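Report on the structure given below.
The values are calculated or read from the model by the stated rules, or taken from the named source; none is laboratory data. Only a predicted model underlies this, so the values are computations on that prediction, with no experimental measurement involved. All Cβ positions, glycine included, derive from the backbone under ideal geometry; neighbour counts span all protein chains shown.
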Amino acid sequence: MNNLVNILQDLIYVYTLVLVIYALLSWFPGARDSKFGQIIDRLAYPYLSFFDSILPSLGGISFSVIVGVLVLQLASNGLNILR
């Protein structure tokens, strides 16, 4: 059980990094059009689109990445309880 929890936590950590990179790419014009940006977009968009549909953007700023990271961290903390 511990090994499974460790693997899931590692996957959550890696996906959190993907979300942070996705957010950072939004600061640079055309960064998401690069090959790397397209890969990150394909990985992050399906998860973030769920939060985009629930949360309205305020002043053109989307908070889906922040909420997505918080949900992942809550899941990771929940996995810690299972240990």
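Tabulated results
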| item | result |
| --- | --- |
| Only one of 37, 68 that is touching a helix residue (DSSP H, G or I) at 6+ places or on another chain (Cβ under 7 Å), modelled with pLDDT of 90 or more and more than 24 Å from residue 5 (Cβ to Cβ) | 37 |
| When residues of segment 66-79 are limited to those that are without any contact (Cβ under 8 Å) to a residue 12 or more places away in the chain and more than 15 Å from the chain's Cα centre (by Cα), the one farthest from residue 14 (Cα to Cα) | 78 |
| Residue selected from segment 56-65 under the condition free of Cβ contacts under 8 Å to residues at least 40 places away in the same chain and surrounded by 14 or more Cβ atoms within 10 Å (Cβ to Cβ), by the criterion farthest from the chain's Cα centre (by Cα) | 62 |
| So residue 24, is it at pLDDT 95 or above and either in a helix (DSSP H, G or I) or on the phi < 0 side of the Ramachandran plot (or both) | yes |
| Segment 11-55, subset surrounded by fewer than 12 Cβ atoms within 10 Å (Cβ to Cβ) and charged (D, E, K, R), residue nearest to residue 75 (Cα to Cα) | 42 |
